[in-house]
Amino acid sequence: MSQLDRLGLIENPFNNLELRYFYADKNRIEMLVSAEQLIDDSSDFQVILGDHGVGKSHFLVALTEQVDDNQRVVKIIDASRYNTDNLLQGILDVLGTKSLGDDVDLLEVLETQLSEINTFGFKLILFIDNADTLSIDSIRFLIQLSQQKQAEQSYINIILF
């Protein structure tokens, strides 16, 4: 008899990032509410820390479900696949930007996209899971990106997991 059978489970909930497997105890609900308030009230670069296996990825999934209608979400799930250039392209891909030629400045395109999103009253939230695998150059890029503003309003909230 397998461990799942003994527990009366049909599938392994620990290797599945669906929201239905998020364990929403009192402490996690409080953390979700606090994280939501930070996202709403702050434009600072944010980092959510925890040991391997404690549920940061599940927390990211639950947090993305809580965003307001005036927020747009970009999720980068496996940061280890990205260097600075393809991180930029990955963000643009999630935003629905069509494939661009080699001679296009991706940062300029992203800044234009962020400006448009901001002009329409939306705020972009970038969630990056497994951010500990990002290169130093990618982290520098993200810090610089988080400091971009339009009319004293930050273009983007960046939350690293």
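At a glance:
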item: Whole-percent carbon and sulfur share, accessible surface of the chain, 1.4 Å; result: 49
item: Over 22 Å between alpha carbons, listed pairs Lys26/Lys56; Lys75/Lys123; Lys56/Lys98; Lys26/Lys75; result: Lys56/Lys98; Lys26/Lys75
item: With DNA, RNA and ligands ignored, accessible area of Asp105 (1.4 Å probe; Å², nearest 10); result: 80
item: Only Lys, Arg (+1) and Asp, Glu (-1) charged, at Cβ; the stretch 1-100 dipole about Cα centre in debye; result: 300
item: Residues of the chain: accessible area per residue with a 1.4 Å probe, Å²; result: 62
item: Solvent-accessible ranking of Ile117, Ile128, largest area first, probe 1.4 Å; result: Ile117, Ile128
item: Whether the stretch 1-89 is rounded, prolate or oblate, judged on the alpha carbon gyration tensor where a/c under 1.5 counts as rounded; result: oblate
item: Relative contact order (%) - the stretch 47-161, alpha-carbon pairs under 8 angstrom, separation at least six; result: 37
item: Descending semi-axes in Å of the stretch 12-161, equivalent ellipsoid built from Cα gyration tensor; result: 26, 18, 14
item: Cα centroid of the stretch 75-97 to Cα centroid of the stretch 124-161, whole Å; result: 12
item: DSSP beta bridges in the chain [antiparallel fraction, %, rounded to 5]; result: 15
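The values are calculated or read from the model by the stated rules, or taken from the named source; none is laboratory data. All values derive from a computational prediction rather than experimental measurement. Glycine also receives a Cβ, built like all others from the backbone with ideal geometry; neighbour counts cover every protein chain displayed. Protein only, heavy atoms only, side chains kept; ligands, DNA and RNA dropped before computing areas. Shrake-Rupley method; radii C 1.70, N 1.55, O 1.52, S 1.80 Å.
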